[in-house]
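The values are calculated or read from the model by the stated rules, or taken from the named source; none is laboratory data. Just so we're clear, the structure is a prediction, and the values are computed from it rather than from any experiment. Cβ atoms come from the backbone with ideal geometry, glycine included; neighbour counts cover every protein chain shown. Accessible surface is based on the protein model in full, side chains and every heavy atom, while ligands, DNA and RNA are left aside. Shrake-Rupley method; radii C 1.70, N 1.55, O 1.52, S 1.80 Å.
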Amino acid sequence: MHVPVSSVQIVAEKVWPDLSGRFRDLTYEQSLTYAQAAARRIGAELQLLRVECDGELVAAAAVRIKRVPGLRRGIAWIASGPLTMPVAGVVPNDDRYRDILRALRDHLVTRDGHVLRLRFPGIAFHEAERMDAIAAKAGFDPAPRVAPYRSFAMDLSLDEESLMTALKGKWRTDLRYAQKSGLGLDSGLTPDLEERFLALFEEVQKTKEFRPDITPEFHFALQGDDLRHDILIATKDGTDIAGIVTGSCARTAVYLYGATSDIGRRLRAGYFLTWQGIALARARGLAWYDLGGVDFEENPSVARFKERMNGRPILAAGPYEARPAGVFPYLVDKLETLREKIKARR
């Protein structure tokens with residue numbers, strides 16, 4: 001019986017765009033531009049990994065490692081990874097996925113002593129139950145401290161008429177109402193558009209009393225060839241009434257932020273902008289438009305809005321966790337619990 005020889009190599013940042021671009025499940029969280037900034041944001045180290053089995057490239061992962069102060073170990077987090085779906089080549093079978101996960105566990109957990117957490121890219125459309133079984137065999141358990149990712153993705157290989165026909169009737173009616181409402185559209189990524197979107201976003205924040213952990217300003221500051229942002233703003237009679245922000249990486253665009261005024265809601269501007277965002281992604285030759293996550297319990301109205309577009313359902317495989325032996329994982333648990341309590345008091 002052949003036992004595959006798996007290896008994990010740390011690669012330089014300069015080779016990451018080419019390496020990650022060999023996988024069709026690449027999304028913005030695994031782009032070099034985003035991964036660098038996300039690591040800096042939390043004071044983490046970025047480690048870029050190439051995984052080989054029997055000398056063949058089979059996976060890649062951008063890992064953010066946040067060490068416990070005073071120790072060499074911490075939490076290694078792979079967001080929307082590892083990448084495993086080659087642009088050209090064979091999709092891994094169960095044994096190969098197990099080998100990939102074991103290789104990452106051996107490198108980051110057994111060798112370096114980190115708690116490893118990961119959640120596969122939703123756009124890979126893995127069967128969650130199948131991947132759960134594979135992960136368990138590779139020494140991973142569910143990761144309760146990491147949120148799951150559910151969403152819907154629009155298939156951009158379909159023409160506009162097919163996408164329109166797939167919409168549920170009420171969604172299509174609201175879109176047509178918006179299209180007949182005389183709305184204007186401004187799009188791009190300029191300081192002026194950033195200011196205009198943030199004004200809308202801040203108004204919604206005050207009304208709904210929320211603030212995201214990662215703000216639009218964080219995304220607007222990112223500069224890199226492997227990640228693109230677009231701001232789309234709907235206007236009525238010269239007044240901004242709604243806006244969205246999208247991010248594009250490799251074959252996929254994703255909805256990141258939205259803000260709609262009272263007038264915008266009455267004119268169904270959210271439908272108008274969502275459709276415009278899809279059209280922009282199609283015009284650029286992208287494969288998928290991820291609607292940006294849904295939570296039917298915390299935000300049911302937005303979840304239903306996205307569900308009624310009848311896109312392909314996404315339930316990202318994971319999150320999973322592998323822990324080293326000894327007391328260190330329990331120290332991590334205590335520190336995370338303390339951090340959550342401090343955050344809740346603010």
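Please specify each residue of the stretch 227-243 satisfying the condition of being in contact (Cβ under 8 Å) with a residue 40 or more places away in the chain and either open to solvent by less than 10 Å² (accessible area, probe 1.4 Å) or in contact with a strand residue (DSSP E or B) (Cβ under 6 Å, 6 or more places away or on another chain) (or both).
LEU227, HIS229, ASP230, ILE231, LEU232, ILE233, ALA234, THR235, ASP240, ILE241, ALA242, GLY243, listed by residue number.
Out of curiosity, is ARG50 over 14 Å from the mean Cα position of the chain (by Cα), open to solvent by 10 Å² or more (accessible area, probe 1.4 Å) and more than 11 Å from PRO82 (Cα to Cα)?
On the way: over 14 Å from the mean Cα position of the chain (by Cα): yes; open to solvent by 10 Å² or more (accessible area, probe 1.4 Å): yes; more than 11 Å from PRO82 (Cα to Cα): no.
When the stated conditions are applied, ARG50 does not pass them.
Give the residue that is nearest to ASP295 (Cα to Cα), with candidates limited to residues of the stretch 150-170 that are out of contact with any Gly (no Cβ under 7 Å at 6 or more places or on another chain) and of a type in the set (A, V, I, L, M, F, W, C).
That would be LEU167.
Looking at the stretch 275-287, can you tell me whether even one residue there is open to solvent by 30 Å² or more (accessible area, probe 1.4 Å), basic (Lys, Arg) and closer than 26 Å to PRO121 by Cβ? Give the steps one after another, and end with the answer.
Going through the stretch 275-287, the residues open to solvent by 30 Å² or more (accessible area, probe 1.4 Å) turn out to be 276, 279-280, 282-285.
Still in the running and basic (Lys, Arg): 282, 284.
Restricting the remaining residues to those that are closer than 26 Å to PRO121 by Cβ gives 282, 284.
Yes, that holds for at least one residue.
Name every residue in the stretch 170-214 that is hydroxyl-bearing (Ser, Thr, Tyr) and modelled with pLDDT of 95 or more, in order of residue number.
Pass one, the stretch 170-214, residues hydroxyl-bearing (Ser, Thr, Tyr): 173, 177, 181, 187, 190, 207.
THR173, TYR177, SER181, SER187, THR190, listed by residue number.
Pick from the stretch 288-311 the residues that are among the aromatic types (Phe, Trp, Tyr) and open to solvent by 20 Å² or more (accessible area, probe 1.4 Å): which of them is modelled with the lowest pLDDT?
Initially, the stretch 288-311 is screened for residues among the aromatic types (Phe, Trp, Tyr), giving 288-289, 296, 305.
Cutting the leftovers down to open to solvent by 20 Å² or more (accessible area, probe 1.4 Å) gives us 288, 296, 305.
Values: TRP288: 98, PHE296: 93, PHE305: 96.
The extreme case among them is PHE296.
Limited to the stretch 272-295, what total is found for residues that are under 22 Å from the mean Cα position of the chain (by Cα) and not in a loop (DSSP other than H, G, I, E, B)?
Pass one, the stretch 272-295, residues under 22 Å from the mean Cα position of the chain (by Cα): 273-295.
In the following step, the residues that additionally are not in a loop (DSSP other than H, G, I, E, B) were identified as 273-283, 288-290.
Within the stretch 272-295, residues that are under 22 Å from the mean Cα position of the chain (by Cα) and not in a loop (DSSP other than H, G, I, E, B) number 14.
For the stretch 314-328, give me each residue that is farther than 26 Å from ARG150 by Cβ and either open to solvent by 90 Å² or more (accessible area, probe 1.4 Å) or under 26 Å from the mean Cα position of the chain (by Cα) (or both).
At the first step, the residues of the stretch 314-328 found to be farther than 26 Å from ARG150 by Cβ are 324-328.
ALA325, VAL327 - these are the residues of the stretch 314-328 that are farther than 26 Å from ARG150 by Cβ and either open to solvent by 90 Å² or more (accessible area, probe 1.4 Å) or under 26 Å from the mean Cα position of the chain (by Cα) (or both).
Out of the stretch 128-147, which residues are open to solvent by 20 Å² or more (accessible area, probe 1.4 Å) and more than 29 Å from LEU71 (Cα to Cα)?
Step one: filter the stretch 128-147 for residues open to solvent by 20 Å² or more (accessible area, probe 1.4 Å), giving 128-130, 132-133, 136-137, 139, 141-142, 144-147.
Residues satisfying the conditions are ALA128, GLU129, ARG130, ASP132, ALA133, LYS137.
Tell me, which residue of the stretch 171-212 that is under 26 Å from the mean Cα position of the chain (by Cα) and aromatic (Phe, Trp, Tyr) is farthest from HIS229 (Cα to Cα)?
That would be TRP171.
If I ask for residues that are open to solvent by 40 Å² or more (accessible area, probe 1.4 Å) and over 30 Å from ASP106 (Cα atoms), which ones from the stretch 148-165 would you list? If you could, list the steps in order and put the result at the bottom.
We begin by selecting, within the stretch 148-165, every residue open to solvent by 40 Å² or more (accessible area, probe 1.4 Å); these are 148-150, 155, 157-162, 165.
Result: ASP155, SER157, LEU158, ASP159, GLU160, GLU161, SER162, THR165.
Got at least one residue in the stretch 113-127 being open to solvent by less than 60 Å² (accessible area, probe 1.4 Å), under 23 Å from ARG145 (Cα atoms), of a type in the set (Lys, Arg) and out of contact with any Asp or Glu (no Cβ under 8 Å at 6 or more places or on another chain)? Write out each step before concluding.
First, the residues of the stretch 113-127 that are open to solvent by less than 60 Å² (accessible area, probe 1.4 Å): 113-126.
From what's left, under 23 Å from ARG145 (Cα atoms): 113-126.
Applying the additional criterion that residues be of a type in the set (Lys, Arg) yields 117, 119.
Now narrow it down to the ones that are out of contact with any Asp or Glu (no Cβ under 8 Å at 6 or more places or on another chain): 119.
Among the residues of the stretch 113-127, at least one is open to solvent by less than 60 Å² (accessible area, probe 1.4 Å), under 23 Å from ARG145 (Cα atoms), of a type in the set (Lys, Arg) and out of contact with any Asp or Glu (no Cβ under 8 Å at 6 or more places or on another chain), which makes the answer yes.
Considering only residues of the stretch 296-346 that are acidic (Asp, Glu) and assigned to a helix (DSSP H, G or I), which is farthest from PHE272 (Cα to Cα)? Outline the logic, then answer.
At the first step, the residues of the stretch 296-346 found to be acidic (Asp, Glu) are 297-298, 307, 321, 333, 336, 340.
Now restrict to residues that are assigned to a helix (DSSP H, G or I): 307, 333, 336, 340.
Values: GLU307: 16, ASP333: 45, GLU336: 41, GLU340: 38 Å.
Restricting to residues being acidic (Asp, Glu) and assigned to a helix (DSSP H, G or I), the top hit is ASP333.
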